Amino acid sequence: MISLDPKTVLFMTTLMSVAMSIVMHSAHSNFGKEVKGLDRWAMGLLALVGGGVAFMLRDEFPQTPLPMATNALLFCGIGLSMIGTQEFFGRQPSWRTFWAIAAGGFVLIGWFLVIKPDFAARVTIFSFLVFYFYAEQVRLVWRHGTPHFSTRFFGTLIGIQALVVLVRGCMALRAMVANIDLMRDNAMANIYLGVANFMALMLTVAFMTMATRRLQTILEQRSTHDPLTGVLNRRGFAMFYEHQRLQMRRAGKPITLMAIDLDHFKAVNDRFGHMVGDKVLVQVARAIRQTLRETDDVARFGGEEFVVLLPDSDEHNAVLAAERIRDALRRFADIQLPMVTVSIGIGCHASEQESLDALLARTDAALYRAKENGRDRIEIAM
């Protein structure tokens, strides 16, 4: 039978947990606003490290309250991982539940340690209370997780950890002390010790994998979307255009563009300030998006100019869509913001060989004619 020295295993786990805590804290410092929960997991790891150190030293200082400190730190460490997972998935942190379980567990374990010593009772209480922390994370992954490998990986590991803790609690409930005492050299104790410490590290790696995936998605979003209005930027629009053009070419259907420019927007900035101007741009982008079909999309090309792509639309349908946009800007007018009008140029692909740049140039020319002819109007490209 393979024998594991508990103190050696805990020592190695402690060192690796410290390293992982540093990694998670560093990730939180750089991306804490985008990826929530990293700081909770980092603090939780440090609490687990403290619990591991207290556990290793309890035989060296038998007359000290180290056993109580061990359990308190373990409750806090595992509970903080639950809080971190809740924040990661955008849920309200269960701080009251966290403190109730931590305080209640501390009191009950203290009772069965000092007043009425009972090792099996302590393990039972600890296991079932900690099981809740793990089970809550399993529920979060099940209900709010994305169908991606990183989420499934984390959910599988947290489920295994919850099951291991539950099995140990059931053994303690049946007073199988020989199998639950980690300081004894037997098969069950060795299995639990190895799995528990291995899983403590693997769960951290799995959570970081989910966080990395979330960050990757955010960075991809940033690279293709305008940070102010949330609509596509030039890069995102070019990607969307190429995808739609291939589909429309196969189906033999037209693609139409709208170039939209706010009228007298410089006067808005000069009179009300750039902060108000930014709010106007956000409002205009929102109004445009709410008038479009699901297959359409809008991009901000810089300043006050927007471009709309209308797959499977001819010039007539594009004019109707442009009128809806102008009407939406009147209906969506905010009494706290200055009302603006827009000039719109419309261009439809002249041939399958026409490039995006050529189509944009013709559509922009129509937009300039709308400006020259009095603004707040629609012109069609020649």
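The values are calculated or read from the model by the stated rules, or taken from the named source; none is laboratory data. This one's a predicted model, so the numbers in the text were calculated from it and none came from an experiment. Cβ coordinates were reconstructed from backbone atoms using ideal geometry, including for glycine residues, and neighbour counts include every protein chain displayed. Heavy atoms of the whole protein, side chains included, go into the accessibility calculation; ligands, DNA and RNA do not. Shrake-Rupley method; radii C 1.70, N 1.55, O 1.52, S 1.80 Å.
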Original post:
When Glu294 is evaluated against the numbered criteria (1) touching a helix residue (DSSP H, G or I) at 6+ places or on another chain (Cβ under 8 Å); (2) assigned to a loop (DSSP other than H, G, I, E, B); (3) free of Cβ contacts under 8 Å to residues at least 40 places away in the same chain, which criterion, by number, is the only one it fails?
Top reply: (1)
**OP:** Among the numbered conditions (1) part of a loop (DSSP other than H, G, I, E, B); (2) modelled with pLDDT of 85 or more, tell me where Pro62 comes up short.
**Re:** (2)
Original post:
Across the range 28-48, what is the total count of residues that are over 29 Å from Ala69 (Cα atoms) and crowded, with 18+ Cβ neighbours inside 10 Å?
Top reply: 1
Original post:
When you look at Ala370, is it touching a residue at least 12 places away in the same chain (Cβ under 8 Å), in contact with a strand residue (DSSP E or B) (Cβ under 6 Å, 6 or more places away or on another chain) and under 27 Å from Ala267 (Cβ atoms), yes or no?
Top reply: yes
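Going through Arg324, Arg289 one at a time, which residue ends up being under 22 Å from Met239 (Cβ atoms), among the basic types (Lys, Arg) and not in a loop (DSSP other than H, G, I, E, B)? It would help to see each step written out before you state the result.
Values: Arg324 fails: under 22 Å from Met239 (Cβ atoms).
Answer to the selection: Arg289.
Of the residues in the range 255-267, how many are buried (at least 16 other Cβ atoms within 10 Å of the Cβ) and outside any helix (DSSP H, G or I)?
The first filter runs over the range 255-267 and keeps only residues buried (at least 16 other Cβ atoms within 10 Å of the Cβ), leaving 255-263, 265.
Within this subset, residues satisfying the condition of being outside any helix (DSSP H, G or I) are 255-263.
Qualifying residue count, the range 255-267: 9.
Among residues belonging to the range 315-326 that are in contact with a Ser or Thr (Cβ under 8 Å, 6 or more places away or on another chain) and closer than 18 Å to Thr341 by Cβ, point out the one that is most open to solvent (accessible area, probe 1.4 Å).
At the first step, the residues of the range 315-326 found to be in contact with a Ser or Thr (Cβ under 8 Å, 6 or more places away or on another chain) are 315, 317-318, 321, 324-326.
Applying the additional criterion that residues be closer than 18 Å to Thr341 by Cβ yields 321, 324-326.
Values: Ala321: 7, Arg324: 110, Ile325: 1, Arg326: 40 Å².
If we take residues in the range 315-326 being in contact with a Ser or Thr (Cβ under 8 Å, 6 or more places away or on another chain) and closer than 18 Å to Thr341 by Cβ, then Arg324 is most open to solvent (accessible area, probe 1.4 Å).
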Subject >> First in the range 230-252 and open to solvent by 60 Å² or more (accessible area, probe 1.4 Å), second anywhere and part of a loop (DSSP other than H, G, I, E, B), Cβ under 7 Å, 6 or more apart >> reply: Arg249/Glu352
Original post:
What's the number of the condition His349 fails, among (1) under 38 Å from the mean Cα position of the chain (by Cα); (2) at pLDDT below 90; (3) open to solvent by less than 70 Å² (accessible area, probe 1.4 Å)?
Top reply: (1)
Original post:
Looking at (1) of a type outside the set (Lys, Arg); (2) part of a helix (DSSP H, G or I); (3) open to solvent by less than 30 Å² (accessible area, probe 1.4 Å), which is the one condition that is false for Asp270?
Top reply: (3)
Original post:
Among Gly84, Gly145, Gly110, which is the only one that is within 18 Å of the chain's Cα centre (by Cα), open to solvent by less than 60 Å² (accessible area, probe 1.4 Å) and either without any contact (Cβ under 8 Å) to a residue 40 or more places away in the chain or farther than 22 Å from Leu46 by Cα (or both)?
Top reply: Gly145
Original post:
Residues in the range 273-295 that are open to solvent by less than 10 Å² (accessible area, probe 1.4 Å) and hydrophobic (A, V, I, L, M, F, W, C): how many?
Top reply: 6
Subject >> Meets criteria (touching a residue at least 12 places away in the same chain (Cβ under 8 Å) and part of a helix (DSSP H, G or I)) for Asp278 >> reply: yes
Subject >> the range 154-207 - residue that is at pLDDT 80 or above and of a type in the set (S, T, N, Q) and, of those, surrounded by the fewest Cβ atoms within 10 Å (Cβ to Cβ) >> reply: Thr156
